[in-house]
1. Putting +1 on Lys and Arg Cβ atoms and -1 on Asp and Glu Cβ atoms, find which of Val76, Ile391, Asn179 reaches farthest to the positive end of the dipole of the chain.
2. Once every DSSP H run of n ≥ 4 in the chain is given -39500 (n - 2.57) and the sum is divided by its residues, what mean residue ellipticity at 222 nm do you get, rounded to the nearest 500 deg cm²/dmol?
3. Mind telling me which of Ser201, Ser46, Ser144 comes out most flexible in a GNM of the chain, alpha-carbon contacts under 10 Å?
4. Take the alpha-carbon positions of region 121-249, form their convex hull, and give its projected area averaged over all directions (one quarter of the hull surface) in nm².
5. Of all alpha-carbon pairs in region 218-321, indicate the percentage at a distance above 21 angstrom.
6. Mind jotting down a quarter of the surface of the convex hull over the alpha carbons of region 206-255, in square nanometres, one decimal?
7. Can you pick out the pairs among Lys262/Lys304; Lys197/Lys305; Lys273/Lys321; Lys39/Lys135; Lys135/Lys262; Lys307/Lys390 whose Cα atoms lie more than 31 Å from each other?
8. Rank Asp108, Asp284, Asp52 by mean-square fluctuation in a GNM of the chain with C-alpha springs under 10 angstrom and give only the top-ranked residue.
Amino acid sequence: MADYDLTSRIAPHLDRHLVFPLLEFLQERELYADDEILKAKIHLLSHTNMVDYAMDIHKALYHTEEVPQEMVDRRVEVVARLKSLEESAAPLISFLQNAALVQELRPDKQYNIQMLHDRFQIGADQIEALYQYAKFQFECGNYSGAADYLYQYRALCTNSERSLSALWGKLAAEILMQNWDIALEELNRLKEIIDSKSFASPLNQLQNRIWLMHWSLFIFFNHENGRNGIIDLFFQDRYLNAIQTNAHHLLRYVATAVIVNKRRRNMLKELVKVIQQEQHCYKDPITEFLECLYINYDFDGAQKKLKECEHVILNDPFLGKRVEDSNFTTVPLRDEFLENARLFIFETYCRIHRCIDISVLAEKLNLSMTYDEALVWITNLIRNSKLEAKIDAVLGTVTMPTIQQNVHEQIIEAMKNLNMRTYLLAKNIVEPAQAAQAAR
């Protein structure tokens with residue numbers, strides 16, 4: 001299933017440190033030869049300051065205790081540079097480590113800068129040194145220290161571009177430490193800036209939105225409310241346009257989120273429309289499953305794609321998260337996906353057939369069960385769904401009554417998303433206007 005691996009498409013939109021968890025997953029799943037993964041890690045590490053880690057991988061890759069002299073020289077260089085930066089930022093770091101002094105800082109950045117200069121002889125050079133030191137710590141793999149220093153730096157920084165760069169670094173550090181609540185806060189803060197900031201060109205703003213969506217995958221598929229979060233973000237017009245412009249592969253993740261989220265079924269119609277529009281640019285078993293079911297009404301094709309979907313999920317770094325439970329290893333999202341996908345097939349099949357044979361229905365749902373087990377499973381499915389179906393256990397059939405939706409129900413259905421769309425439209429108009437006014 002390496003054919004459906006999206007790492008090569010996703011990696012260019014990530015900080016190189018964020019690529020390491022993806023490579024670790026691929027190595028664990030053995031989708032590629034171990035040597036290929038180790039070489040990819042060394043290539044990534046060559047652009048960071050994590051020299052000790054690179055040495056360990058080199059030893060594992062070439063089965064030797066010796067390392068190239070350039071790695072040894074690079075390590076000496078990194079240690080010397082780290083010491084130099086630490087000395088440059090020492091006065092400000094010493095101040096920030098004193099809780100009593102930090103209490104004197106105010107929300108007013110200009111006041112803070114003046115106070116530091118007048119009382120502690122800390123100026124712009126030391127503040128810049130703090131940023132460089134935090135960035136260097138991040139490149140060394142000390143994400144906790146980097147996150148703390150970048151947070152403090154943003155409280156003192158008056159350069160909007162440098163402050164934005166620090167926020168990206170802070171977000172990456174929180175993701176790598178798996179602090180999902182804090183990471184979500186930073187993500188939302190970054191989104192507000194990207195949506196309201198005046199960029200040099202629309203293309204630059206588009207690229208920032210695409211980066212934000214890629215980075216958000218780490219958060220949304222680990223945070224407890226992530227499945228709602230990814231739908232809320234990716235279905236906003238500006239972000240959906242970004243997906244359709246230069247990030248079609250993200251359709252896999254928004255499609256998965258919609259399928260496993262029973263409360264957001266109202267987004268299914270719009271999702272299917274987007275998948276249909278972009279099918280010439282991107283498709284995988286997950287998008288093709290929805291295409292088979294809701295566009296072509298090809299139930300045999302949907303059943304076939306459902307089997308492939310399971311393999312795609314198991315081998316995807318964001319979707320295939322494993323949970324250890326006693327002596328068992330489960331993939332919760334895989335189980336939820338299959339359950340909800342079968343419900344989709346069941347509901348769609350029942351809506352276009354008046355009388356259905358239970359054994360045929362079990363086959364369409366890809367249920368590896370006896371007739372009695374399938375009967376119980378389908379009975380429970382009907383109880384939990386909104387379908388008004390009747391089961392004849394003697395004949396072994398499911399009968400669907402003919403229901404005509406009245407005019408009032410049609411109007412309500414058409415207006416379901418009107419409030420949200422109106423809110424988003426107003427927000428898209430007001431935010432840029434407020435940002436432009438604040439910039440004057």
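The numbers here are math on the coordinates, done by the rules we state, and not lab data. Quick caveat: nothing in here was measured; it's all calculated off a predicted structure. No Cβ is skipped: glycine too gets one built from the backbone with ideal geometry, and neighbour counts run over all protein chains shown.
1. Ile391
2. Details: 23 runs with 306 residues, N = 440.
So the calculated ellipticity at 222 nm is -22000 deg cm²/dmol.
3. Ranking Ser201, Ser46, Ser144 by mean-square fluctuation puts Ser201 first.
4. On the way: hull surface 33.7 nm².
With the hull built on Cα positions only, its mean projection is 8.4 nm².
5. Working: 1656 of 5356 pairs.
Everything past 21 Å amounts to 31 percent.
6. Numbers: hull surface 11.8 nm².
Reported value for the Cα convex hull: 2.9 nm².
7. Working: Lys262/Lys304 23 Å; Lys197/Lys305 42 Å; Lys273/Lys321 29 Å; Lys39/Lys135 25 Å; Lys135/Lys262 42 Å; Lys307/Lys390 29 Å.
Beyond 31 Å between Cα atoms: Lys197/Lys305; Lys135/Lys262.
8. Asp108
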